[in-house]
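Written out below as structure tokens is the structure these notes cover.
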């Protein structure tokens, strides 16, 4: 387990800010203690410093996971955000999309969100903006990228995609193995 | 080519072919009240019936004549009771038709047969009771519906058949089956007539018959009946036993029947018979055949039970709160959606967890801000429950030895939003070395799984003595490591909960008892007010009386998986091998070097092996043996006995030194002698002789061996076998 290098930090924060903007600092300085990111086996873990201390006792090959895994760095040093980070993205999300109950299941299976399934969308969403997807009951379902701006969403036909799927909570069942 | 089925187009359909419609009271009544056939339309059946009715009124008189052979003029008024005759007639019908032929006067043979058939048909399907039949029935004082008459006919026929079969066969078991059948048949008739014959006895088949049974496939019904009868006899043994038959014979028959009926192996059934009284045993076995209800646990980090229940009900799930003892549990009766895939599940609002798995965490009750270790965490249900009780504060270390199963722990932890967990992949026995000083530790030890047979029927046949002992051995090592990982001086904690999903005493009370002897711990109440108390004694074993504070749960009484929970509090961080003997340990250590000295204190031997590697070998061997107990007869196990006779040479000497933990002073002189002899020559016989002298010595040997080694070096299996062969076992 090691701290992130500057480049890695930069890459990761860039990715995160797509979804939560400047609220990243809220992730680091929290009222209940300071938290940090650490890298282990190419995965980025988010944990409080108390846990960090205790986790250092565990040898590298035996350590499986610490705190919450946010995502992983690929071989070419690109950062992929995982569904396990949803709990931290959702409260700070800047742009949100609500999905109708009928197409909730479809999104949970990994499909993109179509105009016909779109319930609500935050105003002024830019194109290709990172968004967090909610159900109508305000339960976070996952996140993705807006395919159209809010204005365009109103005009476009029902069968076109409005949100590209990136991660959803159905992955806890579908790809349990790849979470670690 | 068919029409294309378009689901959006709904075709209205009228009543089907078989739909019945009520036309209204008047029309219904008119059917009953109006009798004449004229205006009414008759269906084909009713037409047939009418014809028969007409014939019957004509026929009976004529038929009776030829049957009884009446030829005088009394036939018109002289009418014999039809019921019995008709039954006899039907029997005679089957036997021979010649009688009819002979009696036949006017009517043709065929016609008679037809008439007989018709009459028989009449018996079976008649709606109205023919006039004369009705009269005669009344005169007999008994009304028998035609169906009842037919049933009686049948009964008599069937009761005839087996007798004829038996006459042909010579086999003994046929006789036995016949006995059973007769008993069954007799029992049926008895109950029908409301005369229960109390001298009806459950007959124990002789050994020869039972041996033959193995070849013949007995059907399950018979076996089940036999089990029931057997249990009945055993419950009221003095009244219902057969003369000359021992209880053990009944028990052995019951054992083999249970094995066949429920598909267990002999070993497991014997163990279960030791654990439960016979009637409870049947309940337990039956409970293992059906699944326990599905239960879920609300994740209070994300939602409340009320809200979750509401959301699930909206999805079409039928559920209820689990019970008074749990504030987060819900039991699912049925569901129209898969419970493991609802959006609520995926967003981490609940977790599928067996009801019995709630209990150890409730007993442990971790507080906020504590550091907790879960030694066998997969698949993560208990870990996440602990995290929610701690409100994501403090720290949890979730460990499991199996890397594949750890993936599910990771998944569950992330899904349920647990942030204070560290997941690692160690062997639990390494734990105090890696990290120690936890406030609380939960050890859900890997076990034989005899409590979850309903989930995994393979346990029924797959487990035997060696498996249980192996599990017990591992559990003992784990519990010691767990105890060593607890910080006794913790301000808020110092607790360990040991639990298994097994009902075997070897894996439960024995292990806890071992821990009590080996470490400074004591049992405390679990806080669970239901469930059965743990055993204080079992067969020849005696456990510490505080074992009463542990709890056992059974599928047939609490309707949850078989479980055992014990809560221990650590009193002191010092590690003695056994609590009382700390003072003597140091003195005994100095004596280990000298081989021929007798040690005053029986208990102190345990430390010695640490000093020399040789001893460690012995210790390891002894590890494998069952643990010492206060009193008797662990040696009865064959494996154990073998180990007892191992020693040769220096090892013997060590054993001699390490003699005894028990406070029995009378053993000392024996030991003295033994030691001297051992030192003199290294023959086993001497040791044997001594051993013959007292059972205690054997026990002591075993105990010594047990105490010899701490967990660190373990002799591999090969070495053990080598030693065994050396010793000549």
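The table below lists the values:
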read-out: Residue list for the stretch A:153-180, restricted to those being buried (at least 16 other Cβ atoms within 10 Å of the Cβ), under 16 Å from the mean Cα position of the chain (by Cα) and away from chain B (no Cβ under 14 Å); value: A:163, A:165, A:166
read-out: Counted residues, the stretch B:348-364 - those being within 14 Å of chain A (Cβ to nearest Cβ) and surrounded by fewer than 24 Cβ atoms within 10 Å (Cβ to Cβ); value: 2
read-out: Residue B:444 being more than 14 Å from chain A (Cβ to nearest Cβ), free of Cβ contacts under 8 Å to residues at least 12 places away in the same chain and more than 18 Å from residue B:367 (Cα to Cα); value: no
read-out: Filter result for residue A:133 (within 14 Å of chain B (Cβ to nearest Cβ), crowded, with 21+ Cβ neighbours inside 10 Å, on the phi < 0 side of the Ramachandran plot and not in a helix (DSSP H, G or I)); value: yes
read-out: Residues of the stretch A:107-137 that turn out to be more than 17 Å from residue A:85 (Cβ to Cβ), in contact with a strand residue (DSSP E or B) (Cβ under 8 Å, 6 or more places away or on another chain) and without any contact (Cβ under 8 Å) to a residue 40 or more places away in the chain, as a count; value: 10
read-out: Residue check for residue B:379: more than 10 Å from every other protein chain (Cβ to nearest Cβ) and modelled with pLDDT under 90; value: no
read-out: Residue under evaluation residue B:454, criteria (1) touching a residue at least 40 places away in the same chain (Cβ under 8 Å); (2) surrounded by fewer than 24 Cβ atoms within 10 Å (Cβ to Cβ); (3) within 14 Å of another protein chain (Cβ to nearest Cβ), criterion not met; value: (3)
read-out: Exclusive hit being in contact with a helix residue (DSSP H, G or I) (Cβ under 8 Å, 6 or more places away or on another chain) and within 12 Å of chain B (Cβ to nearest Cβ), set A:30, A:38; value: A:38
read-out: Some residue of the stretch A:142-152 being at the interface with another protein chain (Cβ under 10 Å from one of its Cβ atoms), modelled with pLDDT of 90 or more, within 17 Å of the chain's Cα centre (by Cα) and not in a strand (DSSP E or B); value: no
read-out: Index of the failed condition, residue A:143 passing every other in (1) crowded, with 21+ Cβ neighbours inside 10 Å; (2) under 30 Å from residue B:425 (Cα atoms); value: (2)
read-out: Considering residues of the stretch B:391-427 that are touching a strand residue (DSSP E or B) at 6+ places or on another chain (Cβ under 8 Å), surrounded by fewer than 23 Cβ atoms within 10 Å (Cβ to Cβ) and more than 7 Å from chain A (Cβ to nearest Cβ) only, the residue farthest from residue A:169 (Cα to Cα); value: B:394
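The values are calculated or read from the model by the stated rules, or taken from the named source; none is laboratory data. Note that this is a predicted model, so its numbers are computed, not measured. FYI the Cβ positions are ideal-geometry reconstructions off the backbone, even for glycines, and counts take in every protein chain you see.
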